[in-house]
Amino acid sequence: MTTRKAAAAHSRATVRKPRRPSLSQLRAFAAVAEHLHFRDAAAAIGMSQPALSGAVSALEDTLGVTLLERTTRKVLLSPAGERLAVRAKAVLDEVGALLEEAEAVRAPFTGVLRLGVIPTVAPYLLPAVLRLVHDRYPDLDLQVHEEQTASLLDGLAVGRLDLLLLAVPLGIPGVVELPLFDEDFVLVTPLGHPLGGREGIPREVLRELNLLLLDEGHCLRDQALDICREAGRADAPVTTTAAGLATLVQLVAGGLGVTLLPRTAVKVETTRSNQLLTASFSDPAPTRRIAFAMRAEAARAAEYEELAAALREALRPLPVRVL
């Protein structure tokens with residue numbers, strides 16, 4: 001009798017033992033909570049939609065609460081879902097930090113490094129970056145993502161990216177900048193333009209020029225507008241825009257206006273046409289600063305600082321002022 005009672009008590013204890021959610025269930029729920037759409041959430045984390053739906057249902061069974069309110073048109077978080085979504089994200093962030101720390105401890109400059117680069121830097125600096133990594137850090141798996149600044153910063157914040165190469169200052173709490181170099185802007189004009197080929201032109205000439213710009217979202221566009229404002233131009237000189245510097249320069253070659261290029265881009269972009277001239281500004285010329293950016297608490301901060309120092313040396317042959 002005593003034995004049967006003990007067995008029954010053990011059985012009840014076993015039944016009452018709470019189940020624990022899996023990381024895949026938490027990841028699925030966090031994705032749905034962010035996107036409020038099963039298809040978009042599944043695409044974001046690389047999971048099939050049925051698998052994602054099943055993982056969220058399994059999490060609801062495990063926790064014993066309803067996390068989502070499903071309708072034919074949309075997905076909403078239940079009150080419990082809103083509270084637990086915050087907890088789920090915190091757990092996933094901590095697990096990601098643990099894995100990152102473990103990878104960094106194993107060996108420096110090994111494993112994956114996800115580098116985000118802005119489009120107005122990537123074509124001109126990546127050759128030097130890739131050559132440096134290949135020669136000095138052969139065990140580093142460098143993965144490059146070219147995106148606009150806002151997308152890069154979002155990727156850094158959520159852990160999708162590890163390190164950024166972009167124009168600064170950013171002035172964002174929790175993001176540390178590792179300055180690499182400063183470079184001047186030059187004026188690119190069509191052949192026959194009165195400013196073409198001149199040196200030491202004043203910034204004030206920008207007040208009257210038909211300046212062509214990149215589309216909104218590019219930090220280089222914002223920098224060009226800032227330069228115009230500093231030169232005393234009140235209006236925004238926007239008549240024609242382009243998605244990339246290559247198109248922008250071809251528009252200049254076609255006689256639609258002039259544009260500003262960072263010096264690192266001049267050799268690549270202006271040699272594609274014989275209908276272009278460049279002009280340099282008088283000192284102090286308008287400039288931009290390029291830097292690495294990382295999370296303030298990055299586990300691999302020492303590696304990123306060493307990489308920045310090595311890249312500064314590698315960039316000395318370019319027309320920049322290494323910091």
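At a glance:
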| item | result |
| --- | --- |
| Potential lengthening between Asp61 and Glu306 on full extension [0.36 nm per residue; Cα-Cα distance subtracted] | 83.4 nm |
| Table column - 3J(HN,Hα) (Hz), the range 281-292, Karplus curve with 6.51, -1.76, 1.60, x for Gly and Pro | 8, 6, 6, x, 6, x, 9, 9, 10, 10, 8, 7 |
| Amide hydrogen neighbours beyond the local backbone of Leu77, cut-off 5 Å, H modeled | Glu69 |
| Residue-span extension gain [Ser24 to Asp141] - 0.36 nm each, minus C-alpha spacing | 39.6 nm |
| Under-5 Å amide H pairs with His145, H placed in peptide plane, nonlocal only | Leu115, Gly116, Val117 |
| Surface share of carbon and sulfur [accessible, 1.4 angstrom probe, percent] for the chain | 54 percent |
| HN-Hα J in Hz across the range 270-280 - Karplus 6.51, -1.76, 1.60, θ = phi - 60°, x for Gly and Pro | 8, 7, 7, 9, 9, 10, 10, 9, 10, 9, 9 |
| Kirkwood-based shape ratio for the range 167-323, expressed as Rg/Rh from alpha carbons | 1.01 |
| Loop-exposed trypsin sites (Lys or Arg not before Pro) per DSSP, neighbour cap 12 Cβ within 10 angstrom, longest uninterrupted part of the chain | 75-271 |
| For Thr259, distant residues with modelled amide H under 5 Å away | Val188, Leu212 |
| Label-point separation, Glu34 to Asn210 (7 Å along Cα→Cβ), nm | 4.4 nm |
| Using a Förster distance of 51 Å, the FRET efficiency for Val268-Leu98 (Cβ separation, nearest 0.05) | 0.75 |
| Gyration tensor verdict on the range 38-169 (Cα atoms; rounded if a/c is under 1.5, prolate if a/b is larger than b/c, oblate otherwise) | prolate |
| Accessible area per residue, Å², the chain with all protein chains present, probe 1.4 Å | 53 Å² |
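The values are calculated or read from the model by the stated rules, or taken from the named source; none is laboratory data. This is a predicted model, so every value here is computed, not measured. Positions of Cβ are backbone-derived with ideal geometry, glycine not excepted, and every protein chain shown enters the neighbour counts. These accessible areas exclude ligands, DNA and RNA; they are computed on the full protein's heavy atoms, side chains included. Shrake-Rupley method; radii C 1.70, N 1.55, O 1.52, S 1.80 Å.
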